[in-house]
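Peer 1: Could you have a look at this structure, given as structure tokens, before my questions?
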Amino acid sequence: MPGSLEPLDLGVQIPYHFRCPISLELMRDPVTVSTGQTYDRPSIESWVATGNTTCPVTRAPLSDFTLIPNHTLRRLIQDWCVANRSFGVERIPTPKQPADPTHIRHLLTQSASNSNPYPTRLSALRRLRGLARDLDKNRSTISSQNSREILVQLVFADTGTESSELTHEALALLVLFPLPESDCAAVASDPDRVAYLARLVQHSSMEVRVNSAALIENVLAGSRTAELRAEISNVDEIHQGVVSILRNPIAYPRALKIGIKALFALCLVKQTRNKAVSAGAPETLINTLADFEKCDSERALATIELLCRVPDGCTAFAAHALTVPLLVKTILKISDRATEYAAGALLSLCSESEKSQNDAVAAGVLTQLLLLVQSDCTDRAKRKAQLLLKLLRDSWPEDSVVNSDDFVCSELVVPF
């Protein structure tokens, strides 16, 4: 067996026994299985998770699936990293070890028992939250211990009173896990619980408000029927609270990500989109559009397109001086999806307002649309661009290429 494998691009060779036999990469968290072989933890966990019951190297059956940390090898790897720092090798951090399932069950029992002192229950929830944040493995273990049912009960233990610190901790832990359909239905179908969420999303603490918005999004996403989703989206205070969260991107960056997910989920309920408009969503979305990361920008643009489909939404967006220029600028700048949503929103706006047509032309939409129809973007985006070109044909300058006899726009019309 060779003493080293292929050299790194940096010009340093990784010793063979420092590489995981599965991934062939430098081990960051070496663990030993029952056969005595050592692997990197993520690699062997993936191997077992896919249904394999044998040791990858020896092919011998694994008598149990306990993974024992190989601290000696990990320290040797760390020393090697330090010794080769001049080659650009970074020292691997000492990994945190997964929590014992028995310990997690004990903490859940402590937090759920009304007979335990309040500080004890609060401390147990905080420790569970810390464990869930430390490792995905801990989060999976907590999830497997009937934690959702316990946490839902803690969050909605007394909806008729002011929320407590215990409620806030349970809420912060609960939103780390997706909710099953049964729990979503239990929340959405209970008017007292919905009203309680509406109060929480307008709480004085930004963390409580953001976690409440996250729970609202989880419940909406997990509710199968439109009727259940409408039970939440029909509450004015929920729209107001979610929109207000989006107005604090600098003070609380997580608010942007959670806020736009919740607002998008609310706007998927067609019959209550006017409530988002009344809560000030159009102005807030345009004012914060430049602050979103790529994935969140796509969701924000999708929300804008949804709100442009209702008359009040169209009017509100058209009244904002930056709406049309920002949408034009977005085309072909972020992603294919973002381009599709921006083109759809522009089509709705220009169909309803001559001023929006003139603003789009002034912002240079002609060039953007011509590039779009010739690009590798989605067919839906191209169709929207073609419809928009036809709509704006009379608004182009007389010497525009679109007004030339050689320009032919597709007659294909498809619904959104």
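The values are calculated or read from the model by the stated rules, or taken from the named source; none is laboratory data. Since the model is a prediction, treat every value here as computed from it, not as a measurement. FYI the Cβ positions are ideal-geometry reconstructions off the backbone, even for glycines, and counts take in every protein chain you see. What goes into the accessible areas is simple: the full protein's heavy atoms, side chains included, and nothing from ligands, DNA or RNA. Shrake-Rupley method; radii C 1.70, N 1.55, O 1.52, S 1.80 Å.
Peer 1: Kindly provide the set of residues from region 175-220 that are closer than 14 Å to LEU266 by Cα and charged (D, E, K, R), ordered by number.
Peer 2: Answer for region 175-220, where residues must be closer than 14 Å to LEU266 by Cα and charged (D, E, K, R): just GLU217.
Peer 1: Then there's this: For region 344-365, how many residues are closer than 21 Å to THR303 by Cβ and either charged (D, E, K, R) or modelled with pLDDT of 90 or more (or both)?
Peer 2: Result for region 344-365: 8.
Peer 1: From the list VAL365, VAL361, which residue is crowded, with 24+ Cβ neighbours inside 10 Å and either within 22 Å of GLU217 (Cβ to Cβ) or over 26 Å from the mean Cα position of the chain (by Cα) (or both)?
Peer 2: Being crowded, with 24+ Cβ neighbours inside 10 Å and either within 22 Å of GLU217 (Cβ to Cβ) or over 26 Å from the mean Cα position of the chain (by Cα) (or both) holds for just one of VAL365, VAL361, which is VAL365.
Peer 1: Would you check if ALA49 is without any contact (Cβ under 8 Å) to a residue 24 or more places away in the chain, over 19 Å from ASP29 (Cβ atoms), open to solvent by 50 Å² or more (accessible area, probe 1.4 Å) and aliphatic (A, V, I, L, M)? Give the derivation first.
Peer 2: Details: without any contact (Cβ under 8 Å) to a residue 24 or more places away in the chain: yes; over 19 Å from ASP29 (Cβ atoms): no; open to solvent by 50 Å² or more (accessible area, probe 1.4 Å): yes; aliphatic (A, V, I, L, M): yes.
So ALA49 does not fit the description; no.
Peer 1: Give the residues of region 145-164 that are within 19 Å of GLN110 (Cβ to Cβ), outside any helix (DSSP H, G or I) and in contact (Cβ under 8 Å) with a residue 12 or more places away in the chain, sorted by residue number.
Peer 2: Hits for region 145-164 are GLN145, ASN146.
Peer 1: Do we have THR66 as more than 32 Å from the chain's Cα centre (by Cα), open to solvent by 70 Å² or more (accessible area, probe 1.4 Å), among the polar types (S, T, N, Q) and modelled with pLDDT under 90 here?
Peer 2: yes
Peer 1: Quick check on my filter: what residues within region 288-319 are over 20 Å from ALA381 (Cβ atoms), open to solvent by 40 Å² or more (accessible area, probe 1.4 Å), free of Cβ contacts under 8 Å to residues at least 40 places away in the same chain and not charged (D, E, K, R)?
Peer 2: Scanning region 288-319 gives ALA290, THR315, ALA319.
Peer 1: Out of region 273-283, which residues are surrounded by 20 or more Cβ atoms within 10 Å (Cβ to Cβ) and in a helix (DSSP H, G or I)?
Peer 2: ARG273, LYS275, ALA276, VAL277, ALA281, PRO282
Peer 1: Residue under question is THR167, and the condition is that it be in a helix (DSSP H, G or I), modelled with pLDDT of 90 or more and open to solvent by 50 Å² or more (accessible area, probe 1.4 Å); does it hold? Working first, answer last.
Peer 2: Details: in a helix (DSSP H, G or I): yes; modelled with pLDDT of 90 or more: yes; open to solvent by 50 Å² or more (accessible area, probe 1.4 Å): no.
Considered against the rule, which asks whether it is in a helix (DSSP H, G or I), modelled with pLDDT of 90 or more and open to solvent by 50 Å² or more (accessible area, probe 1.4 Å), THR167 comes out as no.
Peer 1: Take the residues in region 11-52 that are touching a Cys at 6+ places or on another chain (Cβ under 7 Å) and part of a strand (DSSP E or B), then tell me which one is nearest to LEU135 (Cα to Cα).
Peer 2: ASP40
Peer 1: Go through region 170-186 and report how many residues are open to solvent by 10 Å² or more (accessible area, probe 1.4 Å) and in contact with a Leu (Cβ under 7 Å, 6 or more places away or on another chain). Break it down into steps so the answer makes sense when it comes.
Peer 2: Residues of region 170-186 open to solvent by 10 Å² or more (accessible area, probe 1.4 Å): 175-176, 178-183, 185-186.
Checking which are in contact with a Leu (Cβ under 7 Å, 6 or more places away or on another chain) leaves us with 175, 185.
Total satisfying the criteria: 2.
Peer 1: Being farther than 30 Å from ALA321 by Cα, among the hydroxyl-bearing types (Ser, Thr, Tyr) and open to solvent by less than 40 Å² (accessible area, probe 1.4 Å) is true for just one of SER244, SER212, SER204, SER189. Which residue is that?
Peer 2: Only one candidate passes the filter, namely SER212.
Peer 1: Inspect all residues belonging to region 120-143 and state whether any of them is surrounded by 15 or more Cβ atoms within 10 Å (Cβ to Cβ) and more than 30 Å from ARG41 (Cβ to Cβ).
Peer 2: yes
Peer 1: Go through PRO178, PRO95 for me and flag whichever is at pLDDT below 90, within 16 Å of ASN211 (Cβ to Cβ) and outside any helix (DSSP H, G or I).
Peer 2: It is PRO178.
Peer 1: Could you run through region 215-229 and say how many residues are surrounded by fewer than 17 Cβ atoms within 10 Å (Cβ to Cβ) and assigned to a helix (DSSP H, G or I)?
Peer 2: 3
Peer 1: Restricting to region 320-334, and then to whatever is of a type outside the set (A, V, I, L, M, F, W, C) and more than 19 Å from GLU352 (Cβ to Cβ), can you tell me which residue is surrounded by the most Cβ atoms within 10 Å (Cβ to Cβ)?
Peer 2: THR330
Peer 1: Which one of these is at negative phi and in contact (Cβ under 8 Å) with a residue 12 or more places away in the chain: ASN84, ASN114?
Peer 2: ASN84
Peer 1: Tell me, yes or no, whether region 156-164 has at least one residue that is crowded, with 17+ Cβ neighbours inside 10 Å, on the phi < 0 side of the Ramachandran plot and not hydroxyl-bearing (Ser, Thr, Tyr). Lay out the reasoning, then the answer.
Peer 2: Initial filter on region 156-164 (crowded, with 17+ Cβ neighbours inside 10 Å): 156, 159, 163.
Keeping just the survivors that are on the phi < 0 side of the Ramachandran plot gives 156, 159, 163.
Adding the requirement that they be not hydroxyl-bearing (Ser, Thr, Tyr) leaves 156.
Yes; the residues of region 156-164 include at least one that is crowded, with 17+ Cβ neighbours inside 10 Å, on the phi < 0 side of the Ramachandran plot and not hydroxyl-bearing (Ser, Thr, Tyr).
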